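The values are calculated or read from the model by the stated rules, or taken from the named source; none is laboratory data. All values reported here derive from a predicted model rather than from experimental measurement. Cβ: placed from backbone, ideal geometry, glycine included. Neighbour counts: every protein chain shown. Just so you know, the surface numbers come from the protein's heavy atoms only, side chains and all, with ligands and any DNA or RNA stripped out. Shrake-Rupley method; radii C 1.70, N 1.55, O 1.52, S 1.80 Å.
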Amino acid sequence: MPIAARIHNVADARCLARRTLPRAVFDYIDGGAEDEVTMGENERAFREIAFRPRVAVNVGRPRLDTTVLGTPVALPVLLAPCGLVQLMHPEGALGAERAAKRAGTVSVLSAVAGTPLETLADEPGPRWFQLYAAERDTAEQLMGRAAGAGFESLVVTVDTPTLGNRERDVRNGVAGSLRLDARSVIRLGPQILAHPGWSLRMFRSGMRLFTRAPGSPVTTPGTGAQTTDGPGERPVGATSSAGAVVMLASPFTWDDIAWIRSRWSGHLLVKGVLSGDDAVLAAEAGADAVVVSNHGGRQLEGAPATIRVLPEVVAAAGDRLEVLLDGGVRRGGDVIKALATGARAVLVGRPYLYALAAAGEAGVERMLDIFSSEMSRTLSLLGCPGVSDLDRSWLQEP
Ligand SMILES: Cc1cc2nc3c(=O)[nH]c(=O)nc-3n(C[C@H](O)[C@H](O)[C@H](O)COP(=O)(O)O)c2cc1C
């Protein structure tokens, strides 16, 4: 039986990923900041919301299609930008992109995915690129490349002025830079040997991740899978020796978002907003949308669960911004709850990363298929004809 067929829900994919990946790589995906309270709350908060079904209605086949910033999507579940996807499976960002396209949705390429953005230039359909709050020179250069490669939307992540305290990574000795250079390979040797399937896959893919000598010059940001999502522990220049995009040495402000707006003609989304006040500032800086996100609980421990702040952000956004959400979405029912609360779409991070690690592109496709069928079933059982009919009257909120 193909591995993807053994995935029936996110928890299955997580189990398979845990078995497949060296511990340090699995923990990098699975972990959050400090006591992982915010990470856990993201999921728990969805469970506190119940549905308010209507019965004896014929809804036919529920409709999942909608638009996000004018782009039609068949499934309002996007793949969140994630760093180092190449480390989970050699099919990496390209596999995720292709699986997303087949499901009729969008995959957002992280600036630190480990794949040069030009790799996706020939892929059909809408393409979104995520940028960390980088120094202006770096941002300008990346925006130029993204526009040149046909990316339509830019997602600027603003919740990482410094790296969250991810203690699993600290314990595994990979905090701030999970890199597979010669030294790490020796240090992580026992874990790598204990996962021959993963090692073989990496070997067959040319083991590009292992070969770059530290400090060797790299001209294309995003090619070196040598940094985690977020800034290194100390601010460095525009690109690190690994070629990864790193962060601002000086504080990043709403003026920088306005500056990005003045130079980016496509859609602009601000990711990491957790209050109505910041949604207003994002609109004033010229953003088209915000992503309500706490980075999957990997940054500020104690940040609220995203679904809990969604109503405040939706109210502040009004008609000026579209609002997306990520964090803790694990079931199609969670997607329905977020859409009913006013999100235009959701993004998922770990669910697709687990599936990618377990079964590559086919795993991601399977995961999106599961979200789709869970959403359809939930809508049928709710008595709701489609996602565009959802509002808070379908929910019983705590
Ligand atoms: C392994 C991993 C890497 C990530 N890398 C990035 C990144 O490069 N850029 C970014 O904006 N967010 C990054 N994120 C955060 C995701 O985009 C998203 O906000 C988060 O995963 C959503 O929560 P979920 O994992 O519960 O779905 C990363 C998350 C994970 C789990």
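Select from LEU310, LEU200, LEU325 the residue whose mean-square fluctuation is largest in a Gaussian network model of the chain (Cα-Cα springs shorter than 10 Å).
With Cα springs under 10 Å in the chain, the top fluctuation among LEU310, LEU200, LEU325 is at LEU200.
At 1.4 Å probe size, put CYS384, CYS15 in order of accessible surface, largest to smallest. Let's see the in-between values first.
Numbers: CYS384 0, CYS15 75 Å².
Most to least solvent-accessible, the answer reads CYS15, CYS384.
On the accessible surface of the chain, probed at 1.4 Å, how many percent belong to carbon and sulfur atoms?
The value for the chain is 52 percent carbon and sulfur by accessible area.
Quote to one decimal, in nm, the extra length available between THR253 and ASN165 on full extension: 0.36 nm per residue of separation minus the C-alpha distance between them. Intermediate values should be presented prior to the final figure.
Numbers: separation 88, 0.36 × 88 = 31.68 nm, distance 2.23 nm.
That works out to 29.4 nm of additional length.
Based on the Cβ-Cβ distance of ARG18 and THR71, what FRET efficiency does E = 1/(1 + (r/R0)^6) give at R0 = 41 Å, to the nearest 0.05?
So the FRET efficiency works out to roughly 0.75.
Select from ARG47, ARG145, ARG331 the residue whose mean-square fluctuation is largest in a Gaussian network model of the chain (Cα-Cα springs shorter than 10 Å).
Among ARG47, ARG145, ARG331, the largest mean-square fluctuation in the Gaussian network model of the chain belongs to ARG47.
If I stretch the segment between LEU193 and SER380 completely, what's the gain in nm (0.36 nm per residue apart, minus their alpha carbon distance), one decimal?
Full extension from LEU193 to SER380 adds 62.6 nm.
Mind checking which of THR67, THR341, THR378 has the largest fluctuation in a GNM of the chain, springs on alpha carbons under 10 Å?
Answer for the Gaussian network model of the chain: THR67.
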